[in-house]
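Report on the structure given below.
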Amino acid sequence: MKIAIVYDNTAFRKDLRPDWGFACVVEDDDRHTILFDTGANGAILLANMEQMHIDPGDIEEVFISHGHFDHTGGLPAFLGVYPDVKVYCPESFRKVRSAREIVTVEDSPAQIHDNVFSTGELEGIEQSMVVLTKKGVVLVVGCSHPRMSHILKAASRFGEMYAIVGGMHGFRDYELFRGIRHICPTHCTLHIDEIRSSFPDAYTPGGAGRVLEF
Ligand SMILES: [Zn+2]
Ligand SMILES: [Zn+2]
């Protein structure tokens, strides 16, 4: 599977525009293509995707982790041009109108494809994405507002944790990451340096333009 970070606070590639927010394009092993969050600004989202040669027309679903603006701000512009998608929203975010189909995810897991799931909305604020691979669970997180212990517990029900990518906010309980093979803390993650020094082999830098393959 592949994760292409198309929107992030920092830019990994100089030809992409950094902006506070997060979005990535997830392609699973069956080649289903899902947009995880949309950043804050639709013009930046679409421009970065174009620069990375990602065709937004290939996107089948949009997965919204939570209702904060830096994850949903690009959605109206995206749907304005590509309305033929199914949007998975946590129950706490109910502002989507124009998509082909809207699925509200409550506090239990939901299946999106054979190998793609939502953890369910945790703590009434945020859902995370679980992608199953032969190596284990790849977990994509927006801001990790629910406690990381809670998110990891929900994700581990699907299998052994292999990789985690996304925003981790003030997460500091580093022991929870022991055994995870790839850790890409980006977007709002406050303690990137500490995570890097705790797990130098697993650490992977993020930023717009990064493409991770697992
Ligand atoms: Zn947030
Ligand atoms: Zn955020």
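For Cα pairs less than 8 Å apart in space and 6+ apart in sequence, what is the mean separation divided by the residue count of the chain, i.e. the relative contact order in percent?
20
Quote the charge dipole size of the chain about the Cα centre in Debye, to the nearest 20; the model charges only the Cβ of Lys and Arg (+1) and of Asp and Glu (-1). Let's see the in-between values first.
Details: 20 positive and 30 negative charges, 64 e Å.
Computed about the Cα centre, the dipole is about 300 debye.
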Legend entry - Per-residue Cβ neighbour rank within 10 angstrom, fewest leading, THR38, THR72, THR33, THR133: THR133, THR33, THR72, THR38
Legend entry - the chain: translational diffusion in µm²/s, Stokes-Einstein, Kirkwood Rh over Cα pairs, 25 °C, 0.890 mPa s: 148
Legend entry - Dimensions in Å of segment 72-170 - Rg and Dmax from alpha carbons: 13.7, 38
Inset, instruction - Set the Förster radius R0 to 25 Å, insert the Cβ-Cβ distance between GLU106 and SER197 as r into 1/(1 + (r/R0)^6), and round the FRET efficiency to 0.05. - result: 0.05
Inset, instruction - Pick out, from MET52, GLY167, ALA40, the residue whose Cα sits farthest towards the positive end of the charge dipole of segment 2-213, with +1 on the Cβ of Lys and Arg and -1 on the Cβ of Asp and Glu. - result: GLY167
Inset, instruction - Work from the charge dipole of the chain (Cβ charges, +1 for Lys and Arg, -1 for Asp and Glu, about the Cα centre) and give the residue of PHE69, THR10, SER98 farthest towards its positive end. - result: THR10
Legend entry - In the chain, lysine pairs with alpha-carbon atoms under 27 angstrom apart (chain gap of 8 or more, or interchain): 10
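Ranking ILE195, ILE5 by Cβ neighbours within 10 Å, fewest first, what do you get?
On the way: ILE195 21, ILE5 30.
Fewest-to-most ranking of ILE195, ILE5: ILE195, ILE5.
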Inset, instruction - Give the order of ASP29, ASP8 when sorted by the count of other beta carbons within 10 angstrom, beginning with the fewest. - result: ASP29, ASP8
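Here, each number is a calculation from the coordinates, and none is a lab measurement. All of these numbers come straight from a predicted model, not from anything done at the bench. Glycine also receives a Cβ, built like all others from the backbone with ideal geometry; neighbour counts cover every protein chain displayed.
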